[in-house]
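Take a look at the structure set out below.
The values are calculated or read from the model by the stated rules, or taken from the named source; none is laboratory data. Everything quoted here is computed from the prediction, not taken from an experiment. Neighbour counts are summed over all protein chains in view; Cβ atoms, including those assigned to glycine, are modelled from backbone coordinates with ideal geometry. Remember, those area values only see protein heavy atoms, side chains included, never the ligands or the DNA or RNA. Shrake-Rupley method; radii C 1.70, N 1.55, O 1.52, S 1.80 Å.
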Amino acid sequence: MPRVTNWQDDADALSVLDRMEAEPWVAAVRRERDGVEVRLTDSWIESTGAGLEAGGSAEASLSDLAGGRRYSVQFWDANATKALHVGHLRNLAIGNAIASALTQAGGQVERRSLISDAGRSMGEAMAGVAQSGRQAGGWSDGGGEKSDHFVGICYADYVAASGTIAGNEIEYPEDSQTRELTMRHDDADEMLRRVLLGDRDALELWYKTRAWVIAGQRKTLARLGVAFDRVFFESDFLVDAAELTASGLRDGRFKRRDDGVVVYATGLEGFEEFPLVRPDGVTTQHMRALAYWMAAPDLEDMTSMQICGTEWVGHVNCRRKLMDELVPNGNGSLHPTHDIFNAMVARQKRALASSEGALLIDDLIDWLDEQMDAEPVTLELRRRHPTPERMAPQIALGYFLPYPAARPMEFDQPKLLRDKQSVGWDLVRARARRSTGNIGQVGRPADDPEYRFAVIQSELYRQHLRLAVQRLDVSPLALYLKHLAHWAMERDRGEHVERVVQTLLDRSARGLGLEGPR
């Protein structure tokens, strides 16, 4: 209810306060010159608190916020050429948290991903694997090296040896697209040519390289507790891309430049041409993404969203403009209905990229586990935590969630384990206090101001979850968790308070996707 400046003399404002006071859950409304205080009834506090203390029914009251609605949340969207690094972790954290919040709010959520497996970088990875001489056999992680780490090294070695990159070029869409359009007639181009011709040996190497990377990435995702319902490959939509190209050239929407590249003239400043197909017929990632979103199955009556980096804003603007001119292929509307951009993650103001030796997610999880096993204090946290195997993933994923997604952020590895600088670390420590509620309760729970405060936090959580559903933004929910965890760790409180707080912490962890697979 909005409050006017002169509410004390406003008849409508005073009438609203009278109506509020008449509510059965309101014990009293105290009007002061500088504001209004509302005290809720002891019976409401204790009834709501009893449900929170029981824990099991804590989610039921939230399921109406998105009940009856269907969502598709697309994230991960990695290349099938290398292992996942910390630069990917922000995308995973945000996508997983949004999907979890929508699920907790009662939505039917499908988690999707589109794997890039058909461009120049795939040819480079294949060429690198071929040069290693290990393409003939199978793969076992028993030797200590993960398959995605191995392919990533082969890919990076090939690109570096070919002299086709400078600095971070390998990681940025503008530069990688330039590389993708340039015909070099090297082993990578030859690999792509043979795959398109259906050469058996090339197809076998393509499948094997892709499988090794995806298998390794899935193991990393399993460590994080991030799961997907449907995974697509860009190569699944190459026929759709060919049909779009043919029709676009026929009706004059696309043109073939003198160098053989097929482009779409966007008319947009800064991105006047949208390159779609190379001279040799290999599609660019622009075209492959367009073909996917034009033909992506089973999105009817869904709110769909894609989480991707801000470096793709130009691509999205061009793609949407082109899609507006085309007839959607069975989707019923343009998808995704929402684009959620996350800014780059940097260290010392340099974007994290695999070409710069960015820390791999696997190595980060190992480091966190080593740090927590190194000291008696952190070992005690593990012993008392309800899910000790989830501590490192909670810290890693939770670190990114309080920050607005579209703002660049600095990744400072030691901060992950610093008090009040890492939401995941705060959550881990607060939940490890689960058994410290050893102060006896005096009188009714509702007589304890801290019990009343804790119960009210459950209603504030509902408000933040509602906003997350409306705005598709979980940062306020993460900030709520941050402040709740700090309050929980200030000191020991009565057992009733501790039980309510632990339920709220557990609920928050689930709502932000920090509790592992559903």
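By its C-alpha gyration tensor, with a ≥ b ≥ c as the square roots of the eigenvalues, how is region 235-345 shaped: rounded for a/c under 1.5, else prolate for a/b larger than b/c, else oblate?
Cα axes put region 235-345 in the oblate bin.
How far, in nm, would the chain grow between ALA215 and ARG491 when pulled straight, counting 0.36 nm per residue and subtracting the alpha carbon separation?
Taking 0.36 nm per residue and subtracting the Cα distance, the gain is 94.9 nm.
Of PHE453, PHE228, PHE75, which has the most accessible area with a 1.4 Å probe, and how do the rest follow in descending order?
Putting PHE453, PHE228, PHE75 in descending order of accessible area: PHE453, PHE228, PHE75.
How much solvent-accessible surface does TRP312 expose, in Å² to the nearest 10, with a 1.4 Å probe and all protein chains in place?
50
Between HIS338 and GLU300, what length in nm is gained on full extension when 0.36 nm per residue of separation is reduced by their alpha carbon distance?
12.2 nm
Tilt of helix 449-471 relative to the longest C-alpha principal axis of the chain, in degrees (0 to 90, nearest 10)?
Result, in degrees: 30.
Among THR266, PRO393, LEU84, which residue has its Cα positioned farthest towards the positive end of the charge dipole of the chain, with +1 placed on the Cβ of Lys and Arg, -1 on the Cβ of Asp and Glu, and the dipole taken about the Cα centre?
So the residue furthest toward the plus end is PRO393.
Run the helix sum for the chain: -39,500 (n - 2.57) per DSSP H stretch of 4+ residues, divided by residue count, reported at 222 nm to the nearest 500 deg cm²/dmol.
Result for the chain: -15000 deg cm²/dmol, rounded to the nearest 500.
Just how far, in whole angstrom, is region 65-131 from region 284-321 if you go by their alpha carbon centroids?
About 13 Å separates the Cα centre of region 284-321 from the one of region 65-131.
Using only the Cα atoms of region 107-147, build the gyration tensor, take square roots of its eigenvalues as a ≥ b ≥ c, and label the shape rounded, prolate or oblate: rounded if a/c is under 1.5, else prolate if a/b is larger than b/c, else oblate.
oblate
Compute the length gained on full extension between ASP201 and MET20: take 0.36 nm times their separation in residues and subtract their Cα-Cα distance, giving the result in nm to one decimal.
Gain in length upon complete extension: 57.6 nm.
On a 0 to 90 degree scale, rounded to 10, what angle separates helix 120-132 from the longest Cα axis of the chain?
Tilt of helix 120-132: around 70 degrees.
Excluding ALA118 itself, calculate the net charge of residues whose Cβ lies under 14 Å from the Cβ of ALA118, where each Lys or Arg counts +1 and each Asp or Glu counts -1.
Cβ neighbours under 14 Å give a net charge of -3.
Order the following by accessible area, largest value first: GLU311, GLU370. Probe radius 1.4 Å; ligands, DNA and RNA are ignored.
GLU370, GLU311
Using Cα-Cα distances under 8 Å and only pairs 6 or more residues apart, what relative contact order does the chain have, in percent?
Dividing the mean separation by the residue count of the chain yields 19 percent.
Can you give me the distance in nm between label points at THR387 and ASP363, each placed 7 Å from the Cα along the Cα-to-Cβ direction?
Result: 2.8 nm between the two label points.
May I ask you to rank VAL195, VAL262 by accessible area, largest first, using a 1.4 Å probe over the protein chains only?
VAL195, VAL262
Could you tell me how many degrees, from 0 to 90 and to the nearest 10, lie between the Cα long axis of helix 187-197 and the main elongation axis, the longest principal axis, of the Cα atoms of the chain?
90
Order the peptides 335-344, 247-256 from the highest to the lowest mean number of other Cβ atoms within 10 Å of their residues.
335-344, 247-256
Can you pull the accessible area of THR245 for me, 1.4 Å probe, Å² to the nearest 10?
20
Which links in LYS415/LYS482; LYS82/LYS321; LYS219/LYS420; LYS146/LYS208; LYS82/LYS219; LYS219/LYS415 stretch past 21 Å when you go from one Cα to the other?
Flagged as over cut-off: LYS82/LYS321; LYS219/LYS420; LYS219/LYS415.
Quick check on region 355-411: take the gyration tensor over C-alpha atoms, sort the square-rooted eigenvalues as a ≥ b ≥ c, and tell me if it's rounded (a/c under 1.5), prolate or oblate.
Verdict is oblate for region 355-411.
For the chain, report the accessible area per residue in Å² (1.4 Å probe, heavy atoms, rounded to an integer).
44
What distance in nm separates the two pseudo spin-label positions at ARG407 and GLU375, each 7 Å out from Cα along the beta-carbon direction?
A separation of 2.8 nm, rounded to one decimal place.
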